[in-house]
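Worksheet: the structure to be examined is printed underneath.
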Amino acid sequence: MANKDRYVAEVLGTFSLVFAGCGAIIVNDLYGGQLGLVGICIVFGLIVMAMVYSIGNISGAHINPAVTIGFYVAGRFPFRLVLPYIVCQLAGAVLAAGILRFLFPGHENLGGTAPAVPIVSALAVEVLLTFILMFVILNVSTGHKEKGIMAGVAVGGVVALNAMVGGPLTGASMNPARSLGPALVSMDLQSMWIYILGPVIGVVVAWPTCRWIQGPDCCPPISQGGDS
């Protein structure tokens, strides 16, 4: 698989995530709360599931810098691709947020995330939610790619469930790009460190936990199929 194909896939995948997910938040805010929390969570889950099935075989459908870092820490993803993936993910998120600003110029934060609980609690929530997400991803993926027929359902489902629990607390980001895109376009970077540090800690902790439970089969070296 050519690197350029992977990069384009990550741009498009992250764009779709932010456009659909944050777009759902904006529509809910501007049109009488018709979607509600559950509806927004379902949108996030469905778009992640759709991207796993659409580009999982091309780039792995990381669409999340924390997931890319998590796969690298687990030994499933080459270091040389980490920065390009993250750049592509951020580009997709910023592009989506820019289009949302054009479509909904009156919305203040473009569906961005902000803690509704104390800072320490917010950081803990993001760590725990991302830990659960990465733990599931590691267990349903082959190498750094979600290939199983039910992988998309599992990953999309855990995104939706985590969002239902953590949405009212922190926005349930679990994804630095998802938070940073709207924040940059709306010029509101307050507390953004929570949405960068929390997910990174969460994915780093997920790997030894998966390894402990699954044993050596959890994270085979890249040479055994992680960078196909």
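The values are calculated or read from the model by the stated rules, or taken from the named source; none is laboratory data. Given the structure is predicted, the values throughout are model-derived calculations rather than measurements. As a convention, Cβ positions derive from the backbone with ideal geometry for all residues, glycine included, and neighbour counts pool all protein chains shown.
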Return a yes/no flag: does the range 26-41 have any residue that is at positive phi, at pLDDT below 95, in contact with a His (Cβ under 8 Å, 6 or more places away or on another chain) and not aliphatic (A, V, I, L, M).
no
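Being among the aliphatic types (A, V, I, L, M) and in contact with a helix residue (DSSP H, G or I) (Cβ under 6 Å, 6 or more places away or on another chain) is the filter here; which residues of the range 51-68 pass it?
Of all residues in the range 51-68, those among the aliphatic types (A, V, I, L, M) come to 51-52, 55, 58, 61, 63, 66-67.
Within the range 51-68, M51, V52, I55, I58, A61, I63, A66 meet the criteria.
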Go through the range 1-92 and tell me which helices (runs of 4 or more DSSP H), entirely inside it, have 1 or more residues that are farther than 26 Å from H107 by Cα and touching a Phe, Trp or Tyr at 6+ places or on another chain (Cβ under 6 Å).
3-30, 65-73
The lone exception for L110 - which of (1) assigned to a helix (DSSP H, G or I); (2) touching a Pro at 6+ places or on another chain (Cβ under 8 Å); (3) buried (at least 22 other Cβ atoms within 10 Å of the Cβ) it fails:
(1)
Going by the structure shown, is V120 farther than 15 Å from A177 by Cα, surrounded by fewer than 20 Cβ atoms within 10 Å (Cβ to Cβ), over 18 Å from the mean Cα position of the chain (by Cα) and of a type outside the set (D, E)?
yes
